[in-house]
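Each remark here refers to the structure printed beneath this line.
The values are calculated or read from the model by the stated rules, or taken from the named source; none is laboratory data. Since we're looking at a predicted model, the values are computed, not measured. Counting neighbours? That spans all protein chains shown, and the Cβs are built from the backbone with ideal geometry, glycine included. Protein only, heavy atoms only, side chains kept; ligands, DNA and RNA dropped before computing areas. Shrake-Rupley method; radii C 1.70, N 1.55, O 1.52, S 1.80 Å.
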Amino acid sequence: MTSDLTSPEPEQPFAPPAVPGAQHPLLVRQLERCEIVGAPPSAEQWTDFVGRVDRAYADADRAQTLVERTLAVSAVEFATMYEQLQAQTSHVLAAERHRLQLVFDSVTTALVVIERSGTVANANPEAERMFGPAESLVGRPLDEVLLMVGRDGVSRPMLPIAELDDVLLGGRWSRHDVRLLSTDGSDRSIAADVAIVPFTEHDVCVGGLVIVTDNADREAARDRLAWQASHDPLTGLVNRAVVTERIELALVGARRSGAWPSVLFLDLDRFKHINDSFGHGAGDQLLTTAAERLMRCVRSIDTVARLGGDEFVILCESAGDTELVRGIAERILEALMEPFDLQGEQTHASVSIGVAHAGPHHTSADALLHDADLAMYRAKDRGRNCYDVADEGLRVNAAERVLLERGLRSAIARRELSVAYQPVKRADDDELVGFEALARWVHPVLGDVRPDRFVPVAEETGLIQALGDRMLDLACRDVATWNRERIAHGREPLVVHVNISGRELQSPHLLGRVRDALRRHDVPPHWLVLEMTETMLLDDPDKALERLRELKLAGIRVAIDDFGTGYSSLAYLRRYPVHMVKIDREFVAEIAASTQDQCIVRAMVDLAKGLDYVVLAEGVETGAELEVLRTLGCQLVQGYLIGRPMPSEDALLLATSAPAEAPAPVAGS
């Protein structure tokens, strides 16, 4: 039976390849993964394999679709994030740029931005203040903007363009304390520090920043410090260092030209009193006014300086004519005698002036100032409100004074000072009642030095207390020796008179020092009489009264020395608890022939007796003087007629001998 060609053929099952060896290697690997190996796959295995492949492709398609969708979403988000980041970055950069611009515009240092070629690209306001408007700077070469003024006064580029390239490639560059010329047309110079910092991008220089620091404040501070170092801040006058240097220069010039300078050393009188009375503010006002008056009294070439306190120095260079300097001194005396208006009140002051004319013997400023200082102190000794001129005698006395001071220190330290005793007797019966202890000093070069020469030196140098302690110790030692012998023979004890200085009287330790000396030698206090001058009591009456009361309570007697020379008030005399007054030799010297002196002494004796004081007349040298003093009622006498100062050995013989056996006093110095 034949088949119909048009009828459909029945569906045939999948037929695998007939020959396994003809399979593709990739197919073989896939079959192996499905565990189809060896024999050719069956129809069921091929169907299962193809199903797996279809599913794998379907999974792959779905994964690809998911990835594509994910990538699409990520691109949108990334674009959004990128735009946000870009916006944020732009905002931060803008804010940072704004801050940098604020810093650039507000710093007090001039900043100039330059391009790689050296052309100015930008300038901040401080740079505009120094060098002119930015419009006039931008686009100009740096060597036209940064001009330096040399020591010769000529302006030149601080950094030529030819050198700028080396600077930009070489790193940071700087110069200090240079003077730059402002290019704003004012021709003013600016003290500044300059630095250049290169800008680099990827290690390639693209320009730089010029930093200019104005040193005006630093220069002003430096000038201010220099002024303070060379001037007195109160008066504005130059100070000691400056005037000393100028004196040195003047002396050097004078050795060549022969035109020697002169120096005036001034010290205001009563300045401490004005300070204490009106206060330190008024004292400063007085010094300022005095300085102004001094400036009006000198020439323009002269130097007026304040050394400190109330001391001034005037240097007259090339004075030559001494009359010119004297004229300046007289003008100063007249100017400072005019009243000063201090805090609404008028007061007067004066000045003591020492003048020293320089010469070849002045080897330094200190030597010339020293001579002027000595002359000033001599002017004060003459009564103040005057001037004195240094001379050779003043220099000799000063040298001797230095010698005295050095020797006195050594003598006190080595206990080389000795004592001499001058007898004190009763006027009516010539009975010895005591001695006055007198300090004695034999200098190895100057020989015997009188007390009136070395005692003032001791007071000025602070040695007076040590000197006083030495005299107290010797006097107490000797009076104890005398009186032990006298008491053993049934005789009245003697007293010893010891002089004390004004400084000792003012010291609160006076009583303690006296008690120590008395205790050390077992001396009763009434054997000691302390002598002090009337003037010392008047220096500070209240403090003197306090000390005298302390001494009286301790049983120590006090005598007023040089009575009648200090013009003391009777009220003070009535208050002072003293035991004795000593009439000064000035009233005794002519008493035998002068009825006036007799009247004065009679009044003194009557006054002293009315106040219950013992009266002792000193300086008695003749029998006539002694007779008059007896007649006037003077109880005790002392002087060369009575006995000259004698060594302690002779004083011991006189003190311990019977009156008829007493040896004649040995003359002392």
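Things worth noting here:
- Contact map, the range 434-462: residues that are within 18 Å of Met532 (Cβ to Cβ) and among the aliphatic types (A, V, I, L, M) paired with residues that are open to solvent by 50 Å² or more (accessible area, probe 1.4 Å) and part of a strand (DSSP E or B), Cβ distance under 9 Å, separation 6+ or inter-chain. Pairs shown: Ala437/Asn499; Leu438/Asn499; Ala439/Ser418; Ala439/Asn499; Val455/Asn499.
- Residue pairs meeting the criteria (Cβ under 7 Å; at least 6 apart or on separate chains; first touching a residue at least 12 places away in the same chain (Cβ under 8 Å), in the range 402-415; second in a helix (DSSP H, G or I) and of a type in the set (S, T, N, Q)): Glu405/Thr461
- Taken over the range 105-115, the criterion of being over 48 Å from the mean Cα position of the chain (by Cα), open to solvent by 50 Å² or more (accessible area, probe 1.4 Å) and either at pLDDT below 85 or hydrophobic (A, V, I, L, M, F, W, C) (or both) is satisfied by no residue.
- Arg331 being among the charged types (D, E, K, R), outside any loop (DSSP other than H, G, I, E, B) and touching a helix residue (DSSP H, G or I) at 6+ places or on another chain (Cβ under 6 Å): yes
- Matching residues in the range 486-518 - criterion: being in contact with a Leu (Cβ under 7 Å, 6 or more places away or on another chain) and acidic (Asp, Glu): Glu504
- Within the range 343-358, being modelled with pLDDT of 90 or more and not hydroxyl-bearing (Ser, Thr, Tyr) holds for Val351, Ile353, Gly354, Val355, Ala356, His357, Ala358.
- Only one of Asn215, Asn239 that is closer than 24 Å to Ala365 by Cα and polar (S, T, N, Q): Asn239
- Within the range 440-460, the set of residues being open to solvent by 40 Å² or more (accessible area, probe 1.4 Å) and over 25 Å from Arg520 (Cβ atoms) comprises Val442, Pro444, Val445, Leu446, Asp448, Arg450, Asp452, Arg453, Pro456, Glu460.
- Scanning the range 156-185 for residues that are hydroxyl-bearing (Ser, Thr, Tyr) and touching a Ser or Thr at 6+ places or on another chain (Cβ under 9 Å), we see that the one that is surrounded by the fewest Cβ atoms within 10 Å (Cβ to Cβ) is Ser182.
- Selection of first residues in the range 150-162 that are touching a residue at least 60 places away in the same chain (Cβ under 8 Å) and of second residues that are open to solvent by less than 60 Å² (accessible area, probe 1.4 Å) and not aromatic (Phe, Trp, Tyr), restricted to Cβ pairs under 8 Å at least 6 apart or on distinct chains, gives an empty result.
- Counting only strands (runs of 3 or more DSSP E) that sit completely within the range 513-625, those holding 1 or more residues that are at pLDDT 90 or above and open to solvent by 20 Å² or more (accessible area, probe 1.4 Å) correspond to 557-563, 614-617.
One line per residue, one yes/no per condition, for (1) surrounded by 11 or more Cβ atoms within 10 Å (Cβ to Cβ); (2) polar (S, T, N, Q):
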position	(1), (2)
Val50	yes, no
Ala56	yes, no
Glu77	no, no
Val103	yes, no
Ser117	yes, yes
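- All of (1) under 40 Å from the mean Cα position of the chain (by Cα); (2) surrounded by 21 or more Cβ atoms within 10 Å (Cβ to Cβ) hold for Val496 with one exception: (1).
- Tally, over the range 219-265, of residues that are in contact with a helix residue (DSSP H, G or I) (Cβ under 9 Å, 6 or more places away or on another chain) and among the acidic types (Asp, Glu): 3
- Scanning the range 390-424 for residues that are open to solvent by less than 30 Å² (accessible area, probe 1.4 Å) and in a strand (DSSP E or B) yields Val419, Ala420, Tyr421, Gln422, Pro423, Val424.
- If you go through the range 336-385 and pick out every residue that is in contact with a helix residue (DSSP H, G or I) (Cβ under 8 Å, 6 or more places away or on another chain), open to solvent by 20 Å² or more (accessible area, probe 1.4 Å) and among the aliphatic types (A, V, I, L, M), you end up with 1.
- The number of residues in the range 340-362 being under 20 Å from Glu245 (Cα atoms) and without any contact (Cβ under 8 Å) to a residue 40 or more places away in the chain comes to 1.
- All told, Gly468 meets the bar of being closer than 27 Å to Gln638 by Cβ, surrounded by 18 or more Cβ atoms within 10 Å (Cβ to Cβ) and not charged (D, E, K, R).
- The residues of the range 626-656 that are without any contact (Cβ under 8 Å) to a residue 40 or more places away in the chain and part of a loop (DSSP other than H, G, I, E, B), listed by number, are Gly633, Tyr640, Leu641.
- Helices (runs of 4 or more DSSP H) contained in the range 229-317 and holding at least 3 residues under 15 Å from Leu336 (Cβ atoms) and either touching a residue at least 40 places away in the same chain (Cβ under 8 Å) or open to solvent by less than 30 Å² (accessible area, probe 1.4 Å) (or both): 280-297
- Qualifying residue in the range 491-504 (condition: within 25 Å of Glu649 (Cβ to Cβ) and in contact with a Cys (Cβ under 7 Å, 6 or more places away or on another chain)): no
- Test: residue in the range 651-668 that is surrounded by 20 or more Cβ atoms within 10 Å (Cβ to Cβ), modelled with pLDDT of 90 or more and touching a Pro at 6+ places or on another chain (Cβ under 7 Å): yes
- Positions within the range 119-152 being open to solvent by less than 30 Å² (accessible area, probe 1.4 Å), farther than 18 Å from Thr108 by Cα and of a type outside the set (A, V, I, L, M), in sequence order: Gly150
- Among residues of the range 204-225 being open to solvent by 30 Å² or more (accessible area, probe 1.4 Å) and either assigned to a strand (DSSP E or B) or in contact (Cβ under 8 Å) with a residue 40 or more places away in the chain (or both), the one that is nearest to Arg188 (Cα to Cα) is Asp214.
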